[in-house]
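Chemist: Before I ask anything, here is the structure I am working with.
The values are calculated or read from the model by the stated rules, or taken from the named source; none is laboratory data. What you see is a predicted model; the values in this text were computed from it and never measured. Because the Cβ atoms are built from the backbone with ideal geometry, glycine has one as well, and the counts that use them run over all protein chains shown.
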Amino acid sequence: MSQYKVVETFTSINGEGVLAGQLAVFVRFQGCNLACSYCDTAWANQDSTAYSILTEQQIYQLIKKTGVKNVTLTGGEPLLVPDIMQLLELLAADSNLHVEIETNGSIDLLTFTKISNRPVFTMDYKLPGSLMESKMLVSNFKLLTKNDVVKFVVGSIEDLNCARKTITMHHLITKCHVYISTVFGKIGLDEVVEYMKANCMNGVTLQLQMHKVIWDPDKRGI
C-alpha cells in the first residue's frame with residue numbers, strides 16, 4: 001500500500017463550487033509547488049508541517065465512516081502527492097462517492113482524466129495578483145468537461161480583466177463551470193458585480209467563500 005502525508009481531515013460544508021452548502025469530507029495533503037501571494041493554506045505547504053501517514057485504505061475507511069458522500073481532496077496540491085493515482089482509483093471504484101479534486105492549474109490533468117468514473121476537477125487559473133500566472137498550464141482547458149470548474153480568484157480590476165480575457169480566449173463558458181471568487185478583504189463583492197454587469201459576463205458565477213462567512217476566516221478544519 002502507498003503512504004500519504006495528510007495534514008488534516010474534517011467534515012464540513014463545501015464553501016464554494018457547484019456543491020456549495022453541501023456536506024463534504026475534506027482530506028488535505030501536505031505540499032504545494034506554488035506560492036500564491038494570497039494563499040490561505042500556506043501552513044499546509046511547509047515541510048515542517050505536522051502530518052499523519054495514512055494508506056489509501058485508511059483514507060477510504062475514514063471517508064466511509066462519516067457517511068458523507070461528497071469528498072474533496074485538497075492541499076497544498078493533491079495531484080503532486082506520490083501515488084495519488086492509487087487513492088483516486090480506489091475512491092473512483094465506489095460509485096456512492098462524489099470525488100472532487102482542488103488543483104492549482106499548474107499540473108497536467110491528462111493522466112487523471114483517464115480514470116474510469118474520474119473525479120471532478122476544480123481547477124484554479126492564477127491571475128496576476130497571485131504572482132503565479134506564468135505557472136498556469138492552459139492545455140488543461142481542453143481536458144475539462146461540463147462537470148468541472150475553473151475558478152478565478154480576483155483581488156483587483158487587473159485580475160478581473162485577465163480573467164475575462166482568459167474565459168473568452170478559451171471559450172470556457174461552453175466547456176465547464178466558471179466561477180469568480182475574491183481575495184478576502186482585497187476587492188469588494190459589489191465591485192465584482194458591477195464589473196460583471198459592465199462586461200455582460202453571462203455564464204460566470206460569483207461565489208462567496210461560505211466557510212469564511214460562517215466561521216472566522218482564519219479558522220482551520222472548516
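Chemist: So S52 passes all but one of these: (1) loosely packed, with under 15 Cβ neighbours inside 10 Å; (2) small (G, A, S); (3) in contact with a strand residue (DSSP E or B) (Cβ under 7 Å, 6 or more places away or on another chain); (4) at pLDDT below 95. Which condition number does it fail?
Modeler: Checking S52 against (1) loosely packed, with under 15 Cβ neighbours inside 10 Å; (2) small (G, A, S); (3) in contact with a strand residue (DSSP E or B) (Cβ under 7 Å, 6 or more places away or on another chain); (4) at pLDDT below 95, the one that fails is (4).
Chemist: Looking at region 28-35, can you tell me whether even one residue there is in a strand (DSSP E or B), among the aromatic types (F, W, Y) and surrounded by fewer than 16 Cβ atoms within 10 Å (Cβ to Cβ)?
Modeler: Among the residues of region 28-35, not one is in a strand (DSSP E or B), among the aromatic types (F, W, Y) and surrounded by fewer than 16 Cβ atoms within 10 Å (Cβ to Cβ), which makes the answer no.
Chemist: Hey, does region 152-169 have a residue that's over 20 Å from M201 (Cβ atoms), touching a helix residue (DSSP H, G or I) at 6+ places or on another chain (Cβ under 9 Å) and assigned to a helix (DSSP H, G or I)?
Modeler: no
Chemist: Next question. If a residue has to be assigned to a strand (DSSP E or B) and crowded, with 23+ Cβ neighbours inside 10 Å to count, how many in region 72-98 make the cut?
Modeler: Within region 72-98, residues that are assigned to a strand (DSSP E or B) and crowded, with 23+ Cβ neighbours inside 10 Å number 2.
Chemist: Of the residues T122, T103, only one is touching a Gly at 6+ places or on another chain (Cβ under 6 Å), among the hydroxyl-bearing types (S, T, Y) and in contact (Cβ under 8 Å) with a residue 24 or more places away in the chain; which?
Modeler: Checking each option against the conditions leaves just T122.
Chemist: Consider M201 against the criteria (1) buried (at least 16 other Cβ atoms within 10 Å of the Cβ); (2) outside any helix (DSSP H, G or I); (3) under 17 Å from the mean Cα position of the chain (by Cα): it satisfies all of them except one. Which criterion is unmet?
Modeler: With (1) buried (at least 16 other Cβ atoms within 10 Å of the Cβ); (2) outside any helix (DSSP H, G or I); (3) under 17 Å from the mean Cα position of the chain (by Cα) applied to M201, the lone miss is (3).
Chemist: Then there's this: Taking the condition β-branched (V, I, T), touching a helix residue (DSSP H, G or I) at 6+ places or on another chain (Cβ under 9 Å) and farther than 27 Å from A92 by Cβ, does I214 pass?
Modeler: Considered against the rule, which asks whether it is β-branched (V, I, T), touching a helix residue (DSSP H, G or I) at 6+ places or on another chain (Cβ under 9 Å) and farther than 27 Å from A92 by Cβ, I214 comes out as no.
Chemist: Okay, next question. Please enumerate the residues belonging to region 148-167 that are surrounded by fewer than 14 Cβ atoms within 10 Å (Cβ to Cβ) and either in contact (Cβ under 8 Å) with a residue 40 or more places away in the chain or closer than 20 Å to A35 by Cβ (or both).
Modeler: E158
Chemist: Determine if region 105-121 includes at least one residue that is closer than 15 Å to C36 by Cα and more than 15 Å from the chain's Cα centre (by Cα).
Modeler: Checking region 105-121: not a single residue is closer than 15 Å to C36 by Cα and more than 15 Å from the chain's Cα centre (by Cα).
Chemist: Cβ-Cβ distance below 9 Å, separation of 6 or more or different chains: which pairs start in region 168-197 with a residue that is farther than 19 Å from N147 by Cβ and exposed (fewer than 14 other Cβ atoms within 10 Å of the Cβ) and end on one that is polar (S, T, N, Q) and at pLDDT 95 or above?
Modeler: So the pair list comes out as G188/T182; L189/T182.
Chemist: Here's another thing I want to ask about it. What are the pairs with Cβ atoms under 7 angstrom where one residue, in region 58-77, is closer than 19 Å to L34 by Cβ and touching a residue at least 40 places away in the same chain (Cβ under 8 Å) and the other, located anywhere, is among the hydroxyl-bearing types (S, T, Y) and assigned to a strand (DSSP E or B)? Sequence gap at least six, or different chains.
Modeler: Pairs found: E77/T103.
Chemist: Hey, any hits in region 4-18 for a residue that's surrounded by 16 or more Cβ atoms within 10 Å (Cβ to Cβ), assigned to a loop (DSSP other than H, G, I, E, B), more than 14 Å from the chain's Cα centre (by Cα) and not acidic (D, E)?
Modeler: Scanning region 4-18 turns up no residue that is surrounded by 16 or more Cβ atoms within 10 Å (Cβ to Cβ), assigned to a loop (DSSP other than H, G, I, E, B), more than 14 Å from the chain's Cα centre (by Cα) and not acidic (D, E).
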